[in-house]
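In what follows, a structure is listed as structure tokens, so that the remarks can point back to it.
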Amino acid sequence: MEYEPLRLVGLAPVKVSVFIDVDGDGKTIDEYVACEASEGAHVEYRDMMFAGTKFTETASGGIKPSGFDSMSKGEPTLVARCLFKKIKVGSEEKLQPVLESTIRAWPHRIVEPILKLIKQISGVKEGQVETIEILEARLAEMKAKVKVEEDAAKNSSSATTATSV
């Protein structure tokens, strides 16, 4: 099988300005920059999204996701990894990371559009089908590991029984 070369352009993250009217009166407007998520930030977000997943066995012997505890904890983390406040240091403008505790203290109506923007510019795909497929694959992998461990335990106990007779 022959493959075409893969050509990718630009390692610099996509950046979009975000303006927040602090008091709602138009007098104090803070400028932020939402940056495309790094692979590390994306992995951290996805891991947090799946960490609280619970599974239930179906009547046919299959497995389906039955609960999602703590899924939303990944959202302020993703925003904190990708949002920076523009600040002046002397005559220079710098980007200061926004702490997750700050993101968590903001109203949801502020955080939600920033989260959507970050997901959009980062190519973070959300969708039930994708999520269920990923979870089912992880579950199948976990079941296979458990079976291997159970088989090893059975083999080791039968070997012990055989030598003790």
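Classify the range 15-126: rounded, prolate or oblate, from the alpha-carbon gyration tensor (a ≥ b ≥ c, eigenvalue square roots; a/c under 1.5 rounded; otherwise prolate if a/b is larger than b/c)?
Prolate is the answer for the range 15-126, as a/c is 1.5 or above and a/b outweighs b/c.
Can you list residues whose amide H is under 5 Å from ALA37's amide H, if they're 5+ apart or on another chain and H is modeled 1.01 Å from N?
Amide H neighbours of ALA37, under 5 Å, 5+ apart: SER122.
For a protection proxy built on the mean count of beta-carbon atoms within 10 angstrom, sort 55-62, 117-124 highest first, please.
117-124, 55-62
Would you grab the residues whose amide H sits under 5 Å from the one on PHE55? Only those 5+ places off in sequence or on another chain, please, with H modelled 1.01 Å from N.
SER66
Would you please give the residues with an amide H less than 5 Å from that of VAL18, counting only those at least 5 places away or on a separate chain, with H modeled from the backbone geometry?
TYR32, VAL33, ALA34
Determine the dipole magnitude for the range 15-126: charges of +1 sit on the beta-carbon of Lys and Arg, -1 on that of Asp and Glu, nothing else is charged, the reference point is the Cα centre, and the result goes in debye to the nearest 20.
Taking the Cα centre of the range 15-126 as origin, the dipole is about 120 debye.
Rule-based calculations on the coordinates, nothing more; no lab input. The shown structure was predicted, so the numbers you read here are calculated from the model rather than taken from an experiment. Glycine also receives a Cβ, built like all others from the backbone with ideal geometry; neighbour counts cover every protein chain displayed.
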